[in-house]
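Read through the structure below, which is laid out as structure tokens, and then see the notes.
The values are calculated or read from the model by the stated rules, or taken from the named source; none is laboratory data. If you're wondering where the values come from, they're calculated on a predicted model, not measured in any experiment. Ideal geometry is used to build each Cβ from the backbone, glycine not excepted, and the neighbour counts take in all protein chains shown.
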Amino acid sequence: MDLDPEDVFKDEEDDPDNEFFQQSESSKEYVVYLVDASPKMFNTTCPGKDQKDEIHFHVSISCIAESLKTQIICRSYDEVAICFFNTREKKNLQDLNGVFVFNVAEREQLDRPTARLIKEFDCIEESFMREIGSQYGIVPGSRENSLYNALWVAQALLRKGSIKTADKRILLFTNEDDPFGSLQGAAKADMTRTTLQRAKDIQDLGISIELLPLIRLDEEFNVSVLYSDLIGLDSEDLAQFIPSAGQKLEDMKDQLRKRMFTKRIIRRITFHIVKGLSIQLNTYALIRPTVPGAITWLDSVTNRPLKIERSLICEDTGSLIQEPPKRFQPYRNENVKFSMDEISEIKRISTGHLRLLGFKPLCCLKDYHNLRPSTFVYPSDQEVVGSSCIFIALHRSMLRLKRFAVAFYGGSSRPQLVALVARDEITTAGGQMEPPGMHMIYLPYSDDIRDAEEIFPDTEDDAPRADKDQIQKAAALIKRIEMKDFSVFQFANPALQRHYAVLQALALEEDDIPETIDETVPDEEGLARPAVVKAIEEFKLSVYGDNYDEENDHLGKEKVGGASRKRKEIAENAAKDYDWADLADNGQLKDLTVAALKTYLNAHDLPVTGKKEALISRILTHMGK
Amino acid sequence: MARNKEKLVLLLDVGPSMHGVLPEVEKVCSMLVEKKLIFNKDDEVGVVVFGTEETNNELMDEVGGYENIVVLQDIKVVDGDLIDILKKLPRGTVDGDFLDAIVVGMDMLIKKYKGIYKGKKRLCLITNAIHPTKDSLEGSKEDQVGTLAVQMTAQGMKMESIVVRGILSQDANKRIMDENDRLLSIFSKKTRSRTVYVDSPISLLGALKTRRVTPVTVFRGHLELSQQMKIKVWVYKKTQEEKFPTLKKYSEKAPSTSKFATHQVMVDYEYKSVDDSSTVVPPEQRIKGYRYGPQVVPISDAERDAVKFKPEKGVKLLGFTDASNIIRHYYMKDVYLFIAEPGNTRAILAVSAIARAMKEMNKVAILRCVWRQGQQNVVVGVLTPNISQNNKIPDSFYFNVLPFIEDVREYQFPSFNSFPASWLPNEQQQMAADEFVQMLNLAPSGKEEALLPEFTPNPVLERFYHHLELKSKQPDAAVPPLDETLKRITEPDLELDFENKSVLDSLCKHFELKENSKLKKSARRLLPEKPSGSNGEDGNGNVSDARAVDSIGQEPVVKIEKIGDLTPVQDFEVMMTRRDNPEWVGKAIREMRDKILSLLTNSHGGDNYLVAVECIIALRKGCILEQEPGPYNNLMRYLYRYCQEKEISTFPKLLASMDVTLISKSEAVDSSNFTDDEARRFLDKIKPEPKD
């Protein structure tokens, strides 16, 4: 069998490359931002941040810019186009008046967002009047219809790709609720009719049109004049539309930078329930630590990517090893060799994928029975018809009887016992919070569990236990510092958010790095509230007593301090055993053992990490040689 | 490092009542030594067996008594011989006295190290403790044990007792067992001892920790409830996966006879430019790049270090919340243990008070942890109380890491209620499932919980060390089969299954599984077994099913409108699954029938017969799926007559050997007139037996 030796040790579940590939393949979003650039967009303002008025055009631009910056990290395979209408200049494939498609070099009109696009778009407002210009496109006496033209251009841009693989959207930013207001009679009716027909054609192609109205304080945006028909709103939705659209605009601006993963089956597994009854399950990774993304090594001179070549060299002869080498384990004074086949054979201890062993009450699943993130399982009737039925029956029984299933999962990387915990579906107005199904929790073996709590029993006395009063004080404290609706969806990963911010700043050559907020720091303000402080003080008094000095009053620290001081003393003495300067001058440092070298480093408070050469060079540097 | 060495004496009961479990004792003890040979080569081990016919120990020579105790191996540094001794423990003939054995073991440790050695000294007792101990000469047994316990503590010894009970020990005198348990519990109370009771061979294998790991703290410092209130804690790992050993790569380049050859392999990485693979880019010229959209942005480590997120070391409380807000499957990693600083009474009290209050109120605490300075990220997790059951051990907390928002992928799954009714279990099915879940109980009250993680050994590692030992003796030894006892971990307990046979059978009866026939061949690797609850017809259909399945072609990507000559079966399948027009099914069946007939009539010396049979099987399957047995049954009757007329015998024989019967009533409920029997008899009829 031709096995890649590294593969046997690899955790097959988390293959980032694979995920990357998957992402590019599956459902994407194509978005055309359609921005009204009429003079009205520049003349009207709405209150923005810091109570300062912001012009509508600026609001739209910054909203799109923020959205792009998020998108490039979250869903960089989505494609976008930015298109203005009611412009002086025109730039579009159809050569229609009043429509300008904004783009940068090395990019198609509808394409993945690039750093350059974001960067140039960020400063578009400076050059907008000069290069693109603003002008009403619909004027009495002219047959031009810039809104119609804009929709047509957007539709043409979205011609790319199939509706099956991509979700296509047009986002329309405007503050004009009645674009044909300046017209009269037949001209108006005619333009309205053709524009609505165009919008309907677009929607029939599976492209959705969303309206993001910019609203002035003193003036209402009347959706029912034209747009309710254009975007296809029911009368019931009408009342809700304006508030929800405002919310949408806000949401676009502060989206979390979070890499999106498309739903993907990790593997299909067979679940043997009893002899003769095996069903099919699909497993999904609902929770996995997200990392900053794969690193590509670059040549710092050319900025070209590097490829990594791995070669195996025999230490004895220096020759290259081509075939995958055997492995060995020193044992009983000899090297016991294993072939890769043997190793995979050793690991193959179970034929089935997942084998049910029995059920236990939920209380048997302890908090420390955990090793890795859980995996979600959901039935599939794709190969075995009837799988879902059995799964649902067991799922319901387990929920009702409060049991979890114990099963053996015979995967090739680490065959182990798992707990299958059934979860019922939880839905809120916002959608599904918890999917229905079972979570596979990987259980430790006896050798994986440690008993550190048992290593320090007091030899004679029983361990101190809190009394009733102390427990009561603690309970009062717990009530005071309570987080009512805590959910794991509360905290963003501060390191990751920081990384994304740094990446954006460097990519866009921004001068300063956008601030990221660490949401995980304690609520100092809340903790400083008098009631909380009082509860804490009372608890402190009850367990620590009156005169407790945290720094000094305890035996342990002294002992540890004593021990470490003693160790250091020994190290210092040991260091005196050698004439270091002499050894260094004669190049004899390499003859000392690593342990001996470390005595010097310890005595001088230097780091003791690294290989022997590193230690020697560190000593030499310290001596100034 | 001397302080890390362990001196261990194994005290093994080999009396007649222990014979049943001695194979497991041998396994677990040799595994212990095998691991020591790799991970703790300098540890020293001695072996004492009791319950033997003979007597051989120093105490007997010196003071008399202590009969039936043999020192198999004096304390010495672990080596291979020790394994050989442990693999062949003698079978004793008398009931041993474990107290005497403890005395002998302690005596060995004391004599050998005379109080000089301050490191770890441990006794490990494996017995069933069902036989009476001898009365002590002075004072009660309790006093005697008390004295031993004091001595044990004074000498800094630990004891671990594994008591084999339940189904593993025979019916024993309850009074004696209770007395022995009481005596052993004195050790637990007064010394650093731990006694575990096991009642299955698996837990016996798992009860003894075979790998000795010195715990290392992850963090020592304050648990900050607020600026004013801090508790000194130490944090350890509670669980940590014991990995499969990383084996070094072996080079066969050097002659195997060479004494000095290390046979090691160096792994070398070279970074080369994509454009020019001849130049190697030196490390200082390399820079890490991160993806930003389609581009890769280079960020040097220095740049990154300068601006990256740098949290301050510390463990801070964010708040308390209801335990129900934290769902179990959000636990992300291996588990940590928070204990109050040892010896710090007030810290222990504070931890104890909070833990107990949390337990009472059913609350958990959310913490933000940075274990060490320079850590790249913060950890947010949940602290749950661990109320100690043992008076000696202080209360503590467990800590589990929780995901950040970025780590949670919000995939949507269809609600079970949205499934078609045929996919949902009916009342009988639900009852069968309820009963099944209830009966297949691994933790029945009054019995030991089966497969308790704490007592379940890792079967892969067990097998690896076993194989290693075998290979050290015989380099080409084959991988041994998985130990019979350990199979209990990977496969259902037959005994439990047998006890609940009726429940299992009812489950099988109530649920029926079918392979989905409209599926690619490559994806088909499920359903190795046929449901045992199915009727005979299914069993007979086995061969033909498999054939038909094999021949099912790709999904209908190409619109096939006609059954061709090359792949008639596939074409047929595709046409049958076409749903754009109901007429396709009829057309497919007709065309297939014609195809079969033409195959037969144009056959020369039976060269087309196999293809024809395949077509028939496919047609049969298709007709069953569509519940239209008519065309198929008619065709078969026609074929029967046809063969009789033409005196063709090989073709019917072929059909019979494939068990191709008529479609019976049980397969096509509404439309077939044949009972199973009749359908089968057709085969007999078709069989070309010379009927005078």
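Key figures for this structure:
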| quantity | calculated |
| --- | --- |
| Selected residue (criterion: farthest from the other protein chains (Cβ to nearest Cβ)) from residues of the range B:443-465 that are surrounded by fewer than 21 Cβ atoms within 10 Å (Cβ to Cβ) and without any contact (Cβ under 8 Å) to a residue 40 or more places away in the chain | B:Gly446 |
| Residue in the range B:60-73 that is loosely packed, with under 15 Cβ neighbours inside 10 Å, at pLDDT 85 or above and over 37 Å from the mean Cα position of the chain (by Cα) present | no |
| Conditions (1) surrounded by fewer than 18 Cβ atoms within 10 Å (Cβ to Cβ); (2) within 7 Å of chain B (Cβ to nearest Cβ); (3) at pLDDT below 80: number failed by A:Pro325 | (1) |
| Any helices (runs of 4 or more DSSP H) falling wholly within the range B:585-666 and containing at least 2 residues that are of a type outside the set (A, V, I, L, M) and surrounded by fewer than 16 Cβ atoms within 10 Å (Cβ to Cβ) | B:629-646, B:650-657 |
| Filter result (surrounded by 15 or more Cβ atoms within 10 Å (Cβ to Cβ), over 22 Å from B:Val233 (Cα atoms) and either more than 7 Å from chain A (Cβ to nearest Cβ) or free of Cβ contacts under 8 Å to residues at least 40 places away in the same chain (or both)) within the range B:311-339 | B:Asp322, B:Ala323, B:Asn325, B:Ile326, B:Ile327, B:Arg328, B:His329 |
| Candidates B:Val196, B:Val233 - the one that is within 29 Å of B:Asp334 (Cα to Cα), over 20 Å from the mean Cα position of the chain (by Cα) and modelled with pLDDT of 85 or more | B:Val233 |
| Qualifying residue in the range A:169-191 (condition: on the phi > 0 side of the Ramachandran plot, in contact (Cβ under 8 Å) with a residue 40 or more places away in the chain and outside the structural domain of A:Glu510 (by TED's automatic domain parsing)) | no |
| Test for B:Asn377: is it at the interface with chain A (Cβ under 7 Å from one of its Cβ atoms) and in contact with a helix residue (DSSP H, G or I) (Cβ under 7 Å, 6 or more places away or on another chain) | yes |
| 1 or more residues facing another protein chain (nearest Cβ under 7 Å) and among the polar types (S, T, N, Q): qualifying strands (runs of 3 or more DSSP E) within the range B:195-277 | B:265-273 |
| One residue from A:Phe376, A:Phe408 being surrounded by 16 or more Cβ atoms within 10 Å (Cβ to Cβ), facing another protein chain (nearest Cβ under 7 Å), touching a Gly at 6+ places or on another chain (Cβ under 9 Å) and in contact (Cβ under 8 Å) with a residue 40 or more places away in the chain | A:Phe408 |
| Any hit, the range B:23-46, residues being surrounded by 21 or more Cβ atoms within 10 Å (Cβ to Cβ) and in contact with a Pro (Cβ under 6 Å, 6 or more places away or on another chain) | yes |
| Answer from B:Val370, B:Val379 - the residue that is in contact (Cβ under 8 Å) with a residue 24 or more places away in the chain, touching a strand residue (DSSP E or B) at 6+ places or on another chain (Cβ under 7 Å) and in the same structural domain as B:Asn391 (by the TED database) | B:Val370 |
| Of the criteria (1) free of Cβ contacts under 8 Å to residues at least 40 places away in the same chain; (2) facing chain A (nearest Cβ under 8 Å), which one B:Ser418 fails | (2) |
| Test: residue in the range B:382-395 that is facing chain A (nearest Cβ under 7 Å), surrounded by fewer than 20 Cβ atoms within 10 Å (Cβ to Cβ) and not in a loop (DSSP other than H, G, I, E, B) | no |
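Per-residue answers, yes or no, for (1) touching a helix residue (DSSP H, G or I) at 6+ places or on another chain (Cβ under 6 Å); (2) closer than 25 Å to A:Phe180 by Cβ; (3) outside the structural domain of A:Ile209 (by TED's automatic domain parsing); (4) not in a helix (DSSP H, G or I):
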| site | (1), (2), (3), (4) |
| --- | --- |
| A:Glu54 | no, no, no, yes |
| A:Glu89 | no, yes, no, yes |
| A:Val104 | yes, no, no, yes |
| A:Leu117 | no, no, no, no |
| A:Gly137 | yes, yes, no, yes |
| A:Tyr148 | yes, yes, no, no |
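Residue-by-condition table, conditions (1) within 8 Å of chain B (Cβ to nearest Cβ); (2) surrounded by fewer than 21 Cβ atoms within 10 Å (Cβ to Cβ):
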| position | (1), (2) |
| --- | --- |
| A:Thr351 | no, yes |
| A:Ser387 | yes, no |
| A:Leu394 | yes, no |
| A:Pro415 | yes, yes |
| A:Ala429 | no, yes |
| A:Gly437 | yes, no |
| A:Met440 | no, no |
| A:Tyr445 | yes, no |
| A:Glu453 | yes, no |
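Residues are listed down the side, and each one gets a yes or a no for (1) of a type in the set (Phe, Trp, Tyr); (2) surrounded by 15 or more Cβ atoms within 10 Å (Cβ to Cβ); (3) assigned by TED's automatic domain parsing to the domain that holds A:Thr195; (4) at pLDDT 70 or above:
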site: A:Leu214; (1), (2), (3), (4): no, yes, yes, yes
site: A:Val274; (1), (2), (3), (4): no, yes, no, yes
site: A:Leu277; (1), (2), (3), (4): no, yes, no, yes
site: A:Ile287; (1), (2), (3), (4): no, yes, no, yes
site: A:Thr290; (1), (2), (3), (4): no, yes, no, yes
site: A:Lys307; (1), (2), (3), (4): no, no, no, yes
site: A:Glu315; (1), (2), (3), (4): no, yes, no, yes
site: A:Ile321; (1), (2), (3), (4): no, yes, no, yes
